[in-house]
Amino acid sequence: MQTNLKNSSNDVVAYMRELGMRARKASREMARANSGQKNAALTAIAKALLASRVNLLAANAQDMEAGRKNGLDAALLDRLELNDERIDGMAEGLRQVAALPDLIGEIEDMKYQPNGLQIGKMRVPLGVIGIIYESRPNVTADAAALCLKSGNAAILRGGSEAFHSNQAIATCVRQGLADAGLPAEAVQVIEVTDRAAVGELITMSEFVDVIVPRGGKGLIERITNEARVPVIKHLHGVCHVYIDDKADFDKAVAVAVNAKTQRYGTCNTMETLLVAADIAAKILPVLAEQYAAKGVELRGCEKTCAIIDAAIPATDADWDEEYLAPILSIRVVDDMDAAIEHIHAHSSGHTEAIMTEDIGRARRFISEVDSSSVMINASTRFADGFEYGLGAEIGISTDKIHARGPVGLEGLTSQKYIVIGDGHIRG
């Protein structure tokens, strides 16, 4: 849907409500779509992306040029950039989602009641999903794929810095939907950059069933505070690895290095390392050497600084910081009880890991640590929908209701009860 909006709030409100009405209508058609139609649409979108490579790169070049002029830093420009490899990746992601089992219509737990009724649960779409994201234009394709496969309609609002890229991808999505005979309004990418569009999207409860924000803490806080539509989100990722005194030394070093340095700017990167006092003097110098080789700045508690000369004293704020950078906080703790207490006080509820060969301690850790992912002898960097076998993910949720952890297809669905009788009446 093309639009020419004037710069007035009334125009934006009217435009967003029109999108909402179209999405609601499309969501009913998508709920009826069969697996073949949805998979055909995903495959057609993938083909359209590859066929439109020149247009996609040209649109992205506009965004990149504007980003440089507006002073975007190197990290943001990297997230914004499309290249041949990333376009191929978007197309492959669509094909992978097409290959996933279709959950919609599955009926489970069907049981006979004593009165002869059969009662079970059917997997159904959520309806209309609003997704708000920043920088990375590939999210447009990923979000469209997951929403379509799960039988939902989507309203997508990318960042203004990726406007031309997102609109070019949206053209491919519309083409793929048309080729498969599905409504173009099943995926709508907002065509205005006015911030008022976001404010309207997150309050249109009559048209939108859930909001998924993907971006910085400021964006997610704003949406969480202002939304009148349920939100699936996590604010930030303050992830911990605890090295127990019963840990395997080599495994612990490998995991602690990987969890921090494999990639710095992700929400599942370790930000705080907790080390049992009995092993600290042995393992911290080895870790410090490897972190130094990778340019990681270390901030430590008093005991850490006494062991690692290069460490600088950590402040109280460091224990709550999501650095998204080559900076790591380290605290030496007396035992696992102290580690769990620290995690309870400072974790964002995203991902925590324990390194130990003691099965009893491992079981206690996964039972008592209340985060969306809890790991034994594995890097926090595995907290990812693809790594969990979910295919692509729409994001990570640290909420406790509906979806928690990586949100894949199942997280974009709900269940309703199915009751089958034969003229049953209640006496």
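Within region 355-426, which chymotrypsin sites (Phe, Trp or Tyr not before Pro) sit in a loop by DSSP and count at most 14 neighbouring Cβ atoms inside 10 Å?
Phe386, Tyr388
Looking at region 1-109, I'd like the Rg to Rh ratio, where Rg is from alpha-carbon atoms and Rh is Kirkwood's inverse mean 1/r.
Values: Rg = 18.7 Å, Rh = 17.5 Å.
Here the Rg-to-Rh quotient is 1.07.
Taking 0.36 nm per residue of separation and subtracting the Cα-Cα distance, what length does fully extending Lys282 through Ala51 add?
Fully extending the segment from Lys282 to Ala51 adds 77.5 nm.
Region 239-387: Rg/Rh from Cα coordinates, Kirkwood Rh? Display every interim value, and only then the final one.
Details: Rg = 13.5 Å, Rh = 14.8 Å.
Radius of gyration over Kirkwood radius for region 239-387 works out to 0.92.
List the pairs from Lys233/Lys416; Lys38/Lys111; Lys246/Lys294; Lys69/Lys260; Lys25/Lys149 whose alpha-carbon separation is above 20 Å, in the order I gave them.
Beyond 20 Å: Lys233/Lys416; Lys38/Lys111; Lys246/Lys294; Lys69/Lys260.
Out of Asn115, Pro101, Val173, whose Cα points farthest toward the positive end of the dipole of region 68-174 (charges: +1 Lys, Arg; -1 Asp, Glu; placed on Cβ)?
Farthest towards the positive end: Asn115.
Considering all alpha-carbon pairs of region 193-236, what whole percent are spaced by more than 16 angstrom?
The calculated P(r) of region 193-236 puts 29 percent of pairs beyond 16 Å.
How large is Rg/Rh for the chain, to two decimals, with Cα atoms and a Kirkwood Rh?
My calculation of the ratio gives 1.02.
Please give the contour-minus-distance gain from Asp248 to Arg28: 0.36 nm per residue of separation, less the Cα-Cα distance, rounded to one decimal in nm.
Answer, rounded to one decimal: 73.8 nm.
From the phi of every residue in region 251-261, what ³J(HN,Hα) in whole Hz does the Karplus formula 6.51 cos²θ - 1.76 cosθ + 1.60 yield, where θ is phi - 60° and glycine or proline is x?
Working through the residues one at a time gives 4, 5, 4, 4, 5, 5, 6, 5, 4, 9, 9 Hz.
Using DSSP to define loop residues, name the trypsin sites (Lys or Arg not before Pro) in region 376-412 whose beta-carbon has at most 16 other beta-carbon atoms within 10 Å. Before the final figure, lay out each step's value.
Values: sites: Arg381, Lys400, Arg404; in loops: Lys400, Arg404.
Qualifying residues, ordered by number: Lys400.
Taking the Cα-to-Cβ direction at Ile366 and at Gln96 and moving 7 Å from each Cα, how far apart do the two end points lie in nm?
My value for the distance between the label points is 2.4 nm.
Just to confirm my numbers, what's the Cα centroid distance between region 181-238 and region 239-315 in Å?
37
Efficiency by 1/(1 + (r/R0)^6): what FRET value for Ala74 and Val419, r their Cβ-Cβ distance, R0 = 51 Å, to the nearest 0.05? Numbers along the way, then the final one.
Values: r = 58 Å, r/R0 = 1.13.
Calculated transfer efficiency: 0.30.
For helix 359-368, what angle does its Cα long axis make with the longest principal axis of the chain, in degrees from 0 to 90 and rounded to 10?
Once rounded, one gets 50 degrees.
Hey, can you grab everything whose amide H is under 5 Å from the amide H of Ala378? Only 5+ residues off in sequence or another chain; H modelled, so Pro and N-termini drop out.
Ile354
Kindly provide the helix-only [θ] at 222 nm of the chain, computed as the sum of -39,500 (n - 2.57) over DSSP H runs of four or more divided by all residues, to the nearest 500 deg cm²/dmol?
Calculated from helices alone, the mean residue ellipticity at 222 nm is -13500 deg cm²/dmol.
Each residue of region 199-214 in turn: what ³J(HN,Hα) in whole Hz from Karplus with 6.51, -1.76, 1.60 and θ = phi - 60°, glycine and Pro shown as x?
My calculation for region 199-214 gives x, 6, 4, 7, 10, 8, 5, 6, 10, 10, 9, 7, 10, 10, x, 10 Hz in order.
Any chance you could run the full-extension gain for Ile119 through Arg263? It's 0.36 nm times the residue separation minus the Cα-Cα distance, nm to one decimal.
47.1 nm
Would you pull out the residues with amide H under 5 Å of Asp245's amide H, same chain only if 5 or more places away, H placed 1.01 Å from N?
Ala276
Amide H neighbours of His350 under 5 Å, counting only residues 5+ apart in sequence or on other chains, H built in-plane at 1.01 Å?
Val238, Ser372
Bear in mind these aren't lab numbers, they're just calculated from the coordinates by the rules spelled out. Quantities reported herein were computed from a predicted structural model and do not represent experimental measurements. No Cβ is skipped: glycine too gets one built from the backbone with ideal geometry, and neighbour counts run over all protein chains shown.
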